[in-house]
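The values are calculated or read from the model by the stated rules, or taken from the named source; none is laboratory data. All values reported here derive from a predicted model rather than from experimental measurement. All Cβ positions, glycine included, derive from the backbone under ideal geometry; neighbour counts span all protein chains shown. For accessibility, only protein heavy atoms count, side chains too; no ligands or nucleic acids. Shrake-Rupley method; radii C 1.70, N 1.55, O 1.52, S 1.80 Å.
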Amino acid sequence: MFVAANWKMNLDKNSIFEFSKHLNNFKFSSKVEACIFPPMTYIDYLNSLISKLPISVGGQNCHYKKSGAYTGEVSPLFLKDTGCKYVIIGHSERRILNNEINDEIKLRAQSAINSNLKVILCVGENLIDHQKGSAFKFVEKQLLESLPDNFENLLIAYEPIWSIGTGKIPSVNVIEEMHQHIKKFISKKTNKKVKVLYGGSVNPENINNILNIVNVDGVLVGGSSLNVKDFLAIYSAAVKHLDKF
Ligand code: PGA
C-alpha cells in the first residue's frame, strides 16, 4: 500500500518545517509506504527534516537527459543524488501546461528508471473522453506510447483529469474497471504485474471507500496532502485498511 503526497507548487520553507514537526511526532507503520513530492527547491530540506522517518522524498518531474544545456530542467541523476527515491512523470498538469507529449514522457520515465529512481507514471482521461465513454481507449493510447521499456521500478497512477482538484471522483465501478484494465493491458504487453494508484480529489472523507476498491494499490494525493492532519488521516486510513486483512 502506497500513499504519495504531491505538493505541486505549494508550501514554503516555514510551512515545511511546521509540517515536519507533526511528522516527527507520528508513529509510522512499516506496512504502508509514503513518499512526499515537495517543490524541487525543498527536496533536500524536507529530506533532512524527516531523515529518521520511514518516509521517502521524490521529484515532481525530471528531464530525459542526464546533464546539459537544458535551462530550468532537472536531471534524474540530480534527483537521485539529492536523496529522491521516486519521481512523478507525465502528470496531467505537465502534459497540459508544459506540452509534454507521450513520446517525451516515455523518454523521461526511461531515463529516471535508468538513474535508479522509481517512476510513478500518470495517466488519465479528460472530461470529454470520460463523457463519451472512451476513457479506456484514451488511457490505452497513453500507456502504449509512454510506457518505458523497463518495468521493474514502475507504478502507474490513474488520475482522471476531471477529478484533479475538483472534489469529483469517479464511481467505485469506474475506478475498479480502469485499474483492472490498466493491469491487464500491462501484463498482456509485458508479462509484468504493476501497482496502480488512484489520484484525484482523494481526502480523509473518501479515502476508505477508495481503498476498499479492488485493484487500488494506493493513492496519489494533491490538495489534501498540504494539510498535515489530512495527510496523516489518509495515511492512517491506509494502515487501518491493511490491518483488516
Ligand atoms: P488532488 O490532486 O488530490 O488535489 O485532486 C491530485 C494530483 O494532481 O496528483
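Here are the numbers for the structure shown:
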quantity	calculated
Surface share of carbon and sulfur [accessible, 1.4 angstrom probe, percent] for the chain	50
For region 2-243: relative contact order, % (alpha-carbon pairs under 8 angstrom, 6 or more apart)	19
Prolate/oblate/rounded call for region 2-243, Cα gyration tensor, a/c under 1.5 rounded	oblate
GLN180 paired with ASN99, simple spin-label distance in nm, labels 7 Å along Cα-to-beta-carbon	4.0
Heavy-atom accessible area per residue - the chain, 1.4 Å, Å²	48
Assigned charges on the beta-carbon of Lys, Arg, Asp, Glu; region 2-243 dipole about Cα centre (debye)	460
Computed [θ] at 222 nm, helices only, for the chain once each DSSP H run of length n ≥ 4 contributes -39500 (n - 2.57)	-12500 deg cm²/dmol
For a label point 7 Å along the Cα-to-beta-carbon line of VAL172, residues of region 207-245 with backbone N under 16 Å	207-217, 241
For region 2-243, with +1 on Lys and Arg beta carbons and -1 on Asp and Glu, the positive-most of ALA69, ASN208, ASN114 along the dipole	ASN114
Candidates PHE17, PHE26, PHE78: whichever shows maximal mean-square fluctuation once the chain is modelled as a Gaussian network with Cα springs under 10 Å	PHE26
Gained length - LYS189 relative to LEU144, 0.36 nm times residue gap less alpha-carbon distance	15.3 nm
Virtual spin-label span in nm between ALA233 and VAL214, 7 Å along Cα→Cβ	3.0
Relative contact order (%) - criterion: Cα under 8 Å, at least six apart; region: region 54-156	28
Distance violations [Cα-Cα > 20 Å] among LYS65/LYS106; LYS193/LYS240; LYS65/LYS118; LYS31/LYS80	LYS193/LYS240; LYS31/LYS80
Restricting region 149-245 to trypsin sites (Lys or Arg not before Pro) in coil, as DSSP defines it, with at most 13 other Cβ within 10 Å	LYS168, LYS192, LYS193, LYS244
Net charge contributed by nearby residues that have their C-beta within less than 15 Å of GLU177 (K/R +1, D/E -1)	-1
For the chain, built as a Gaussian network whose Cα springs stay under 10 Å, the top-fluctuating residue of SER20, SER146, SER67	SER67
